[in-house]
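*Asks:* Got a structure for you, written out below as structure tokens; questions coming shortly.
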């Protein structure tokens, strides 16, 4: 009987160790970061909502939203933000309003499309893009394609980046998973892990942002968390803001629903803080139908 109890106890310990490994790493690395050990970067994941004609009828058109959205990015001092959905004209508007930033992005439907993009917006005086690319969430991720039971293309844009002042390099990814059918979402988690490993290797910090259209307990997020850590869990400071991040499409006010937007990191990064911003304008309207997830990260050398 004693031997049985010991086996049960050891099983519980191992389960706790595996499930809490990322959290334990975060707690174990507490202490003020040193500039000698790496760099601190403020990053965000933000689905900025495409410029839908229907939004103009509800008073939430892009022409009205773009300045509050740009002000949010500037006022909170984002160093890098991974965006989803913004089309080329929206991204051009943002760079006009935020001349201190530049971006690299790809359209979901290929080079000839002017519609939705997944983009990486960054402070151009502080960071340089060394390389960049795109992959699709499908059975053939290296070519433009619709995956599994999805009805449209979904992508990840990536960049190898350098912090100009220190020369430190890292990878940044921004993704948008399909939103409706289960098979496409479930397989997208596996593709994300496989492609990030293939592109980034194991030697540099990795930041992966995205609207993954999936709550934390889904199988696709479980797959992603076999390789990357969830900043919501890893934050060394108490989290701030609401738990939920997304609204129904085209809804710009009220309480958010599920937590579907993420900032994910590999084990070369400490998550110093985690915040979901609720900045609003025009009597409680948000600049998008998603709330931005913002993290202060420390990227280890």
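*Asks:* Between the range 232-268 and the range 66-96, what's the alpha-carbon centroid distance in Å?
*Replies:* 18
*Asks:* Quick one: angle between helix 2-19 and the longest Cα principal axis of the chain, in degrees between 0 and 90, rounded to 10, please.
*Replies:* 20
*Asks:* Separate question: For the chain, with a Gaussian network of springs between Cα atoms less than 10 Å apart, report the residue from 232, 281, 178 with the top mean-square fluctuation.
*Replies:* Its mean-square fluctuation being the largest, the pick is 281.
*Asks:* Relative contact order for the chain: what percent, with Cα pairs under 8 Å and sequence separation of 6 or more?
*Replies:* Relative contact order for the chain comes out at 19 percent.
*Asks:* Continuing with the same structure: Rounded to the nearest 500 deg cm²/dmol, what is the calculated helix-only ellipticity per residue at 222 nm for the chain, with -39500 (n - 2.57) per DSSP H run of length n ≥ 4?
*Replies:* Theoretical 222 nm ellipticity from helices: -8500 deg cm²/dmol.
*Asks:* How large is the convex hull of the Cα atoms of the range 82-165 per residue, expressed in Å³ as a whole number?
*Replies:* 82
*Asks:* For the range 205-299, go through all pairs of different Cα atoms, get the mean of 1/r, take its inverse, and jot down that Kirkwood value in Å.
*Replies:* After inverting the pairwise mean of 1/r, the radius is 13.8 Å.
*Asks:* Let me ask something additional. Could you give the Stokes-Einstein D for the chain in µm² per second, using the C-alpha Kirkwood radius, 4 °C, 1.567 mPa s?
*Replies:* The estimated diffusion coefficient comes to 66 µm²/s.
*Asks:* What is the distance in Å between the Cα centres of the range 185-208 and the range 118-139?
*Replies:* Centre-to-centre distance over Cα atoms comes out at 14 Å.
*Asks:* Find the relative contact order for the range 116-256 and round it to a whole percent, using C-alpha pairs within less than 8 Å whose residues are 6+ positions apart.
*Replies:* Computed over the range 116-256, the figure is 19 percent.
*Asks:* Here's a follow-up. Quick one: among 268, 239, 180, which has the greatest mean-square fluctuation in a GNM of the chain with alpha-carbon springs under 10 angstrom?
*Replies:* Of the options given, 180 has the highest mean-square fluctuation.
*Asks:* I'd like the orientation of helix 88-97 relative to the chain: the angle between its Cα long axis and the longest Cα principal axis, in ° from 0 to 90, rounded to 10.
*Replies:* That helix lies at roughly 90 degrees to the long axis.
*Asks:* Quick check: convex hull of the Cα atoms in the range 95-239, volume per residue, rounded to a whole Å³?
*Replies:* Convex hull volume per residue, Cα atoms: 139 Å³.
*Asks:* Rank 107, 287, 248 by mean-square fluctuation in a GNM of the chain with C-alpha springs under 10 angstrom and give only the top-ranked residue.
*Replies:* 248
*Asks:* With axes computed from alpha carbons, what is the tilt in degrees of helix 62-75 against the longest principal axis of the chain, rounded to the nearest 10 within 0 to 90?
*Replies:* For 62-75 against the chain, the angle is about 50 degrees.
Here, each number is a calculation from the coordinates, and none is a lab measurement. Keep in mind that this is a model prediction, so the values were computed, not measured.
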